[in-house]
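> Can you keep this structure in mind? I'll have questions shortly.
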Amino acid sequence: MHFKKVFMLVFSIFILTAAFSTASYSFGISAGVSTWYTWWELDENGEDGKIDMGDTLMYGPMVALRFSPQWSLSSAFLYGKFENSSDSDGPPEEIKRYDSDTALNYSLNKYFRIFAGFKFMGYKFEGGKNNGYGPGIGIGIVLPVTEQFIIMGSFSGLYQWGTEEDDENGVTYESDVTSKGFNTSLALAYYIPAASVTLSAGFRYQYLEMEIDETYKNRTKNMDHTFYGFTFSAAYSLEL
């Protein structure tokens with residue numbers, strides 16, 4: 001629990017340091033929308049094989065603040081509904097999923113950047129919900145193809161704490177959850193100078209190994225989540 005408080009304190013100090021140490025530079029902001037058409041697979045305890053949780057279009061806002069040529073802060077939120085046919089042995093008919101990332105980025109040079117931040121994600125369904133949050137750290141690469149076309153890639157590791165709630169016979173049980181995993185993406189971006197708009201399309205893969213401590217059942221349940229699919233985003237940039 002202390003590590004979570006220390007992480008939030010250090011992350012806040014990094015943001016303030018980046019903002020005040022680069023006050024002489026012009027301030028830039030980018031805002032837009034992001035989408036991820038994603039497939040979801042679940043492997044519960046490694047016993048029954050992978051369960052197809054369905055696919056859906058997740059969407060939401062994104063924003064980036066640039067303090068200097070080296071420092072920037074970015075945030076994105078995605079939301080979507082997974083809908084399945086009625087099956088007592090399968091996943092719930094409707095699952096609402098959300099995925100949020102906030103990161104402080106530092107450009108080492110024109111090709112590489114490192115970033116660290118905070119991730120919040122979870123899902124809700126009739127009879128229960130799961131929430132997780134925690135730190136992430138990673139590296140990104142930028143490869144200019146032309147003045148307008150850019151190839152972008154990233155890889156990050158994450159660790160999360162959270163809770164899961166299950167309703168059984170009218171009683172709600174809450175369990176502690178810890179998760180670890182990684183997220184990777186590859187995209188091609190195109191900048192339109194006349195409109196100050198950047199369009200991006202690519203692929204994203206996310207894996208999460210989740211351990212649920214079901215104290216009321218005196219057991220530990222493992223659930224491996226795999227998300228993958230195609231991404232698209234559009235953002236408008238402005239210098240202030």
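> Does TYR106 satisfy being of a type in the set (Ser, Thr, Tyr), in a strand (DSSP E or B), open to solvent by less than 60 Å² (accessible area, probe 1.4 Å) and in contact (Cβ under 8 Å) with a residue 24 or more places away in the chain?
No, not satisfied.
> Could you list, in sequence order, the residues of region 141-188 that are of a type in the set (Ser, Thr, Tyr), within 20 Å of the chain's Cα centre (by Cα) and either farther than 20 Å from ASN109 by Cβ or not in a strand (DSSP E or B) (or both)?
From region 141-188, those of a type in the set (Ser, Thr, Tyr) are 146, 154, 156, 159, 163, 172-173, 175, 178-179, 184-185; that's our starting set.
Next cut, within 20 Å of the chain's Cα centre (by Cα) only: 154, 156, 159, 163, 178-179, 184-185.
Listed by number, the residues that qualify are TYR159, THR163, THR178, SER179, THR184, SER185.
> Could you run through region 164-187 and say how many residues are of a type in the set (S, T, N, Q), in contact with a strand residue (DSSP E or B) (Cβ under 9 Å, 6 or more places away or on another chain) and open to solvent by 70 Å² or more (accessible area, probe 1.4 Å)?
Step one: of region 164-187, the residues of a type in the set (S, T, N, Q) are 169, 172, 175, 178-179, 183-185.
Among the residues that remain, those that are also in contact with a strand residue (DSSP E or B) (Cβ under 9 Å, 6 or more places away or on another chain) are: 172, 175, 178-179, 183-185.
Adding the requirement that they be open to solvent by 70 Å² or more (accessible area, probe 1.4 Å) leaves 172.
Qualifying residue count, region 164-187: 1.
> Is it true that ASP55 is modelled with pLDDT of 90 or more, under 30 Å from ASP176 (Cβ atoms) and open to solvent by 50 Å² or more (accessible area, probe 1.4 Å)?
Working: modelled with pLDDT of 90 or more: yes; under 30 Å from ASP176 (Cβ atoms): yes; open to solvent by 50 Å² or more (accessible area, probe 1.4 Å): yes.
Yes, satisfied.
> Picking from ASP89, ASP48, which residue would you name as being more than 27 Å from TYR159 (Cβ to Cβ) and at pLDDT below 95?
After ruling out the rest, the residue left standing is ASP89.
> Moving to a separate point now. Hey, among the residues in region 189-208 that are more than 14 Å from TYR37 (Cβ to Cβ) and exposed (fewer than 15 other Cβ atoms within 10 Å of the Cβ), which one's farthest from the chain's Cα centre (by Cα)?
Residue satisfying both the conditions and the ranking: ALA194.
> Identify, by number, the condition in (1) open to solvent by 40 Å² or more (accessible area, probe 1.4 Å); (2) of a type outside the set (Lys, Arg); (3) closer than 26 Å to THR178 by Cα that TYR111 doesn't meet.
(3)
> Moving on. State all residues of region 96-112 that are within 17 Å of LEU208 (Cα to Cα) and β-branched (Val, Ile, Thr); if no residue qualifies, say none.
Listed by number, the list is empty, since nothing qualifies.
> Criterion first (out of contact with any Lys or Arg (no Cβ under 9 Å at 6 or more places or on another chain), assigned to a strand (DSSP E or B) and at pLDDT below 95) does GLY202 satisfy it?
Numbers: out of contact with any Lys or Arg (no Cβ under 9 Å at 6 or more places or on another chain): yes; assigned to a strand (DSSP E or B): yes; at pLDDT below 95: no.
Taking the combined requirement at face value, the residue does not satisfy it.
> Does ASP224 satisfy being touching a residue at least 12 places away in the same chain (Cβ under 8 Å), open to solvent by 50 Å² or more (accessible area, probe 1.4 Å), more than 20 Å from GLY138 (Cα to Cα) and part of a strand (DSSP E or B)?
no
> Might you let me know whether region 83-94 holds any residue that is crowded, with 16+ Cβ neighbours inside 10 Å, assigned to a strand (DSSP E or B) and not small (Gly, Ala, Ser)?
no
> What pairs come up if the first residue lies in region 132-149 and is farther than 26 Å from THR102 by Cβ, the second is hydroxyl-bearing (Ser, Thr, Tyr), and their beta carbons are under 7 Å apart, counting only those six or more places apart or on different chains?
Short answer, once both residue conditions are applied: GLN148/TYR190; GLN148/TYR191; PHE149/TYR190.
The values are calculated or read from the model by the stated rules, or taken from the named source; none is laboratory data. Fair warning: this is a prediction, and the values are worked out from it, not measured in the lab. A quick note on method: Cβ atoms are made from the backbone with ideal geometry, for glycine too, and the neighbour counts reach across all protein chains shown. With ligands, DNA and RNA removed, areas are computed over all heavy atoms of the protein, side chains included. Shrake-Rupley method; radii C 1.70, N 1.55, O 1.52, S 1.80 Å.
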